[in-house]
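Have a look at the structure that comes next, please.
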Amino acid sequence: MKEAMFYEKRKNGKVKCRLCPQLCLIEPGDTGYCFIRKNIDGALYAIEYGRVSSSYLDPIEKKPLYHFHPGSTIFSIGGLGCNLRCPWCQNWNIAQPRDSFPGIDIEDVTRQFTGRMMPNKVVDLAKKYIPNRCIGVAYTYNEPFTWYEYVKEIAVLIKEAGMYNVMVTNGYVMEEPLREILPLIDAMNIDIKGFRESFYHELGGHLRPAVKAAELSKEYCHIEITNLVIPGLNDSEEDLEKLVDWVAKALGKDTPVHFTRYFPSYRMATEPTPLETLRLAERIAKEKLDFVYLGNV
Ligand code: SF4
């Protein structure tokens, strides 16, 4: 646990977190929307600092990043929590600990279900796997921006070691923390959930901050965009066209886009995305973009 960055103390022991656009006002003893930043005695703490739920040496293509050191591997780590609530989340057991560990305090969850891995240990492991083509560390599996303090400390050490930092994120972060960390980040895969404001409301968020974060990130590092195509929710021609138009205009037509296939998970039982729908997305995108890929097919 570590005292959080980007928060203000308010009256009556409350704190206001300014890390992500949820801008949680948190009562003493409570956690924010992400469940992993907690008000303890009027100060905000990053409960998940130094705690890892999942780690693996993944191919870089699995992030997915297809245009960033193809053929390499990356030491990938994840924690707990997320600042959105996607009902189809494929990693909900770590991203939504409120549901996977109902009624259990986050500090107990952390103690029992994550392992301690301090930043220098993460860097040592990334270096250890250099013979296995490891190029650095990926912050992935759940939402890494809610792990901000830990990610930033590792990222500094990784740059000092001459290796790369990769974030796999929903891009739901405020501009100030994003600007502070971007000089350390080499590549991002940003998951744009759909290109409709009302769609983001269903996930407990807004489209605009994610779009702005992607546009700013493009100025600093390599980015690729992922869009999980879900039957009946974000798969209309209009939604797909809006997403493609934005990528082409705001990020550039050479930005790789991955349309991935949805499978039932968490709170969703809808049948998997038909392959014809993915082919439609691919056709629409290929009219305006240079690099379009289908995932989970
Ligand atoms: S990072 Fe967590 S606590 Fe902070 S504003 Fe976002 S959801 Fe709320």
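Please specify each residue of the range 36-61 satisfying the condition of being in contact (Cβ under 8 Å) with a residue 12 or more places away in the chain and outside any strand (DSSP E or B).
Of everything in the range 36-61, those that are in contact (Cβ under 8 Å) with a residue 12 or more places away in the chain and outside any strand (DSSP E or B) turn out to be I36, D41, G42, I47, E48, Y49, G50, S53, I60.
Follow-up. Among A95, A126, which is the only one that is touching a strand residue (DSSP E or B) at 6+ places or on another chain (Cβ under 7 Å) and crowded, with 18+ Cβ neighbours inside 10 Å?
Every option except A126 fails the conditions.
Within the range 9-35, track down each residue that is of a type in the set (K, R) and either part of a loop (DSSP other than H, G, I, E, B) or near the ligand (Cβ under 7 Å from one of its atoms) (or both).
Selection gives R10, K14, R18.
Need a quick list: strands (runs of 3 or more DSSP E) entirely within the range 130-227 having at least 3 residues that are surrounded by fewer than 22 Cβ atoms within 10 Å (Cβ to Cβ), without any contact (Cβ under 8 Å) to a residue 24 or more places away in the chain and among the polar types (S, T, N, Q).
Qualifying strands (runs of 3 or more DSSP E): none found.
For R85, all conditions in the list (1) assigned by TED's automatic domain parsing to the domain that holds M174; (2) within 13 Å of the ligand (Cβ to nearest atom); (3) at negative phi; (4) buried (at least 21 other Cβ atoms within 10 Å of the Cβ) hold save one; what is the number of the exception?
(4)
Of the residues N83, N120, only one is touching a Ser or Thr at 6+ places or on another chain (Cβ under 9 Å), polar (S, T, N, Q) and modelled with pLDDT of 95 or more; which?
N83
Out of (1) closer than 14 Å to T140 by Cβ; (2) more than 16 Å from the ligand (Cβ to nearest atom), what's the single condition that is false for L80?
Going through the list (1) closer than 14 Å to T140 by Cβ; (2) more than 16 Å from the ligand (Cβ to nearest atom), L80 breaks only (2).
Does any residue of the range 57-75 turn out to be among the β-branched types (V, I, T), in contact with a Leu (Cβ under 6 Å, 6 or more places away or on another chain) and outside the structural domain of I135 (by TED's automatic domain parsing)? I'd like the intermediate steps shown before the answer.
Filtering the range 57-75 for residues among the β-branched types (V, I, T) gives 60, 73-74.
Those still in the list that are in contact with a Leu (Cβ under 6 Å, 6 or more places away or on another chain) too: 73.
With the extra rule that they be outside the structural domain of I135 (by TED's automatic domain parsing), the set shrinks to none.
Looking through the range 57-75, none of the residues is among the β-branched types (V, I, T), in contact with a Leu (Cβ under 6 Å, 6 or more places away or on another chain) and outside the structural domain of I135 (by TED's automatic domain parsing).
Return only the number of the condition from (1) within 30 Å of N165 (Cβ to Cβ); (2) surrounded by fewer than 17 Cβ atoms within 10 Å (Cβ to Cβ) that F259 does not satisfy.
Looking at each condition in turn, F259 falls short on (2).
The values are calculated or read from the model by the stated rules, or taken from the named source; none is laboratory data. Treat the numbers as computed from the prediction; the structure is a model and nothing was measured. In this analysis, Cβ positions are derived from the backbone assuming ideal geometry, glycine residues included, and neighbour counts consider all displayed protein chains.
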